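First the structure, in the form of C-alpha cells, and then the observations on it.
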Amino acid sequence: MEALYQYAWLIPLLPLLGAMVVGLGLISYSQATSNLRRGSAIFIVSLLGTAMVLSFAILWSQINGHETYTQMFEWAAAGNFKLSMGYTIDHLTALMLVIVTTVAFLVMVYTDGYMAHDPGYVRFYAYLSLFSSSMLGLVVSPNLVQVYIFWELVGVSSYLLIGFWYDRKAAADACQKAFVTNRVGDFGLLLGMLGIYWATGSFEFEVMGVRLEQLVETGALSAGLATLFGVLVFLGPAAKSAQFPLHVWLPDAMEGPTPISALIHAATMVAAGVFLVARMYPVFEHLPVVMNIIAWTGAFTAFLGATIAITQNDIKKGLAYSTISQLGYMVMAMGVGAYSAGLFHLMTHAYFKAMLFLCSGSVIHGMEAVVGHNPVLAQDMRLMGGLRKYMPVTSACFLIGTLAICGIPPFAGFWSKDEILGSAFGANPALWLIGWATAGMTAFYMFRMYFSTFEGEFRGNDEQIKQQLMAANSTGEKVEMTPAVAFGPGAMDPKELEHGHDDHDHDHGHHSDSPHESPISMTLPLMVLAIPSMIIGLLGTPFANYFEQFIYAPGESLAEVLEGLAEFDLTEFLIMAGNSVGIALIGITFASLMYLSRKIDPGAIAEKIKPLYNFSLNKWYLDDLNDFLFVKGSRRLARQVLEVDYKVVDGAVNLTGFITLLTGEGLKYLENGRAQFYALIVFVAVLGLVVFSGV
C-alpha cells in the first residue's frame, strides 16, 4: 500500500503527459496528428482512466485509516529562504482526486460524441487533458506556492477551452473576460500570500494558521493587518469560484463547447476556489472578520445567482447562474464554519451539475438537427418543449439532476444543502433566511427549465418564434466563419478556420422536423452520473454522517466530530428539512402553474413587474456597469493619457527640436567663412565692451 502513495505523483502527471504528447504532435506534425482522431482520444482517456483508478485506490486506503502521506523535495534555496515542492495525500486530497478524475473521465467519453465532427477534435482533447492535470496538481499541492502555480495553470487551461472556437468573436471575448477577471482575484491572492509569508515566514497551511494566530494574540501583528491579508487571499477563490463581484466571467464561459462547461462548473475551476478556502481554513478560522466576509459574500452570491437565473432563456446560461448560486452556498458554509457541509455540497454538486450540463449539451445536439448550428436558436428554451418523447434518456437524467439541485429528498442535493442551511441558522438566522429564499427560487427556475425544455408541445419548427428570437437577440449571432490567419496557442491547425464547427453527427446540412436522442457515447455518461446524483447524499445523512467522519475541519479531532454527531436532534432536523423542502415545493408548484399547466401567464406577471423583470433579465446591469466603469472607463483614461503624451511629452520633445532648429538656422548666417565678416564681429564686440565698461 505504501508503494501506492510513493507513485501518487503519477495522477497529475499522466494527463499532463497525454496533453504534451498530443500537443507536440499537433505542433510538429499537425496534419498527421489531426487525422489520428480516435487514437488520440483513446490515448488521453486511457491515461486519465489510469489516474482515476489510482485515485480510487488512494481514497479507499484513506478510508481504511492510512495516515497522511507527504513527499517533499527542496526546489529553491537562497540563504535562509528555502522553498520545498512535492505532494500530499490526506482525506481532502483523496476526495478531490476522485471527484476530478471521475467527472473529467466521463466528460472526455461524452466529448467523443459531442465533438465528433469538429475539426479541432484532437486539440480539444489535448486541452481537456491539460485542464485535468492542472486541477489534479492543485489538489495534491502541499503548500500555497505550489497551489498558486497550478492555480495559474488552471486559469490558462480555462482560457484555451472557453476560447476554443477562437474565430467566433463571442468566444474570443469570453475567454479574455474570464482571464482578466481571474487576474484581478489572483493579484489579490498573490499579495495576500506574500503578506502572510512576511508575517509568518511560511507557506505551509497549518504553520501559517498557528503562527498568524500567535502573532495576533501577542500583538506582534495587528488584527487589522492580518484581516487584510486574509481578505486578499480570499479574492483568489472569489474569482475562481465566481463570487460577487468577480462572478461575471462564468456565464460568458458558456461560449466554449458544452463538455468544458460541464468540467468548469462541476469539478475543476470553480471547485478550485472552494478547495483553497478549505486548505486555508487554518488561517481563516482565526480571523472572525474574514469569516464573516466569506459567509456574507457567499450568501449574497447565492441570492444573486438565483434571481438572475429566474429569467434566463438560454439553457446553458440558466445553468451557469445556477452554478454561481450553488457556489454561494458552499462559500457561505465555509464562512459560518460548516467546513464539512461546504465540501459535502461541493461533492454532490459536482456530480449532478456535471450531469445537468451534459444533458444541456445533449439537448443542444438534438435541437441542432432541427435548427442547425445556431446558438441563438439551439440553446433557447422558448424554441424547445416536448423533448421528453424524443429524448427520453436525456429527459430522465435532467429530471434527476433537477430534483437533486432543488433539494428534494432523498436525492443528493437535499442532504448537503440542508446541512448548510442548518449550520447557517445556528450561526446567523439572517444568513439562513437568504439561503432558504434562494432554495425556493432554485426550485422555481430549475423546474421552469425542465418544463420549458421537456414538457408541452415541441416549438422548434415554429418559424414565427424563430424570427422573434433572432430579432430580439441583441447580437443576432450566427456562426459565421471569418477567414483569418491562424495564430496563437489555439491555432494548431490553420485549416480549422476553413471549416464550420460541425461538431455533431447530423450537422452537415441535414435538418429534420424533430430532434433525436444523442448517441450512446453521450447518454452513457449521463446515466453513470445519475447514480451518484441520486444516492451519494446518503453518505452525509445527519443520523449517520459518514462523510463528516471522513472530512472534518483541520482544527478538529475525530472524537470531537463523533461527539457532535451524537447530539443529533431529530425534531430540529425535521423542522429545518421541512422548511427547506416546503419552500422548494412552493417553487415547483409555481413553475408548474406557469410553464406546465399554463394556468398562470408568466408574461403578464413580467409586464406588471417590468422593472424587476428587466433587472433580472439584464443580470442586475452588472455587466453594463463593468463595461461603463472598466471597459469604456479605461478607454477614456487611455485617450486622456494619449492627449498628455501628445501635448506634453511629445510637445516637450518637439519644442526641444524646434529650438535647436531655430538656433541652428539663426547661427548659420553668422558662420559664412569670410574673414572680413568675422573681423567685423570682433570689432563690434570690442566696441560694445568699451562702451559698456565706460558706462
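Assorted remarks:
- Histogram of C-alpha separations across region 267-413, 5 Å bin width, %: 2, 10, 17, 19, 17, 13, 9, 6, 4, 2, 1, 0
- Karplus-derived 3J(HN,Hα) values for region 529-541, using 6.51 cos²θ - 1.76 cosθ + 1.60 with θ = phi - 60°, are 5, 5, 5, x, 4, 8, 10, 5, x, 5, 6, x, 5 Hz; glycine and proline are entered as x.
- With every protein chain in place, region 245-327: carbon and sulfur % of accessible area (1.4 Å): 64
- Links that overshoot a 23 Å alpha carbon limit, given the list Lys169/Lys632; Lys317/Lys608; Lys353/Lys610: Lys317/Lys608; Lys353/Lys610
- Over all pairs of different C-alpha atoms, region 1-96 has a mean inverse distance whose reciprocal, the Kirkwood radius, equals 15.6 Å.
- Radius 11 Å from Cβ of Ala638, net charge of other residues (Lys, Arg +1; Asp, Glu -1): +2
- Accessible carbon and sulfur surface of region 548-603 relative to its total accessible area, %, 1.4 Å: 60
- Assuming charge only on the beta carbon of Lys and Arg (+1) and of Asp and Glu (-1), the dipole of the chain about its Cα centre is about 1320 debye to the nearest 20.
- Annotation: aspartates and glutamates with alpha-carbon distance below 19 angstrom to Lys599 (same-chain offsets under eight excluded): Glu455, Glu457, Glu607.
- Net charge in the neighbourhood of Ala239 (other residues with Cβ under 10 Å of its Cβ; Lys, Arg +1, Asp, Glu -1) is +1.
- Loop-resident sites, region 603-684, for trypsin sites (Lys or Arg not before Pro), counting at most 13 other Cβ within 10 Å (DSSP): Lys668, Arg674
- Every pair of different Cα atoms in region 20-179 enters the Kirkwood calculation, which places the hydrodynamic radius at 17.4 Å.
- Dimensions of the chain based on its C-alpha atoms, expressed as ranges along the principal axes with the largest first, amount to 116, 71, 59 Å.
- Projecting the Cα positions of Val139, Leu593, Gln467 onto the charge dipole of the chain (unit charges on Cβ atoms of Lys, Arg, Asp and Glu, taken about the Cα centre) puts Gln467 furthest along the positive direction.
- Residues Lys417, Lys610, Lys82, Lys599 ordered from highest to lowest accessible area at a 1.4 Å probe: Lys599, Lys82, Lys610, Lys417.
- The residues of the chain expose on average 42 square angstrom of accessible surface per residue, using a 1.4 Å probe on protein heavy atoms.
- Simple rule: put +1 on each Lys or Arg Cβ and -1 on each Asp or Glu Cβ in region 165-245, find the dipole, and look at Leu191, Ser222, Ala172; the Cα lying farthest toward the positive end is Ala172.
- Of the residues Pro245, Cys406, Trp9, the one whose Cα sits farthest toward the positive end of the charge dipole of the chain, with +1 on the Cβ of Lys and Arg and -1 on the Cβ of Asp and Glu, is Pro245.
- Counting only aspartates and glutamates at least 8 places from Lys240 when in the same chain, those with an alpha carbon closer than 12 Å to its own are Glu152, Asp186.
- Here the simple spin-label model places points 7 Å from the Cα toward Cβ, and for Leu622 and Glu463 these points are separated by 4.1 nm.
- Potential lengthening between Ile520 and Leu562 on full extension [0.36 nm per residue; Cα-Cα distance subtracted]: 10.7 nm
- Longest DSSP-loop-exposure-free segment, GluC sites (Glu not before Pro), the chain, at most 12 other Cβ within 10 Å: 68-456
- Region 105-225, dipole about Cα centre (Lys/Arg Cβ +1, Asp/Glu Cβ -1), debye to the nearest 20: 360
- Whole-Hz Karplus values for region 591-596 come out as 5, 5, 5, 8, 10, 10 Hz, taken residue by residue from phi with 6.51 cos²θ - 1.76 cosθ + 1.60 and θ = phi - 60°; glycine and proline positions read x.
- Counting heavy atoms of the protein chains alone, Leu189 has an accessible area of about 0 Å² for a 1.4 Å probe.
The values are calculated or read from the model by the stated rules, or taken from the named source; none is laboratory data. What you are looking at is a predicted structure, and each value in this text was computed from that prediction instead of being measured. Cβ: placed from backbone, ideal geometry, glycine included. Neighbour counts: every protein chain shown. The area values use the complete protein model at the heavy-atom level, side chains included, leaving out ligands, DNA and RNA. Shrake-Rupley method; radii C 1.70, N 1.55, O 1.52, S 1.80 Å.
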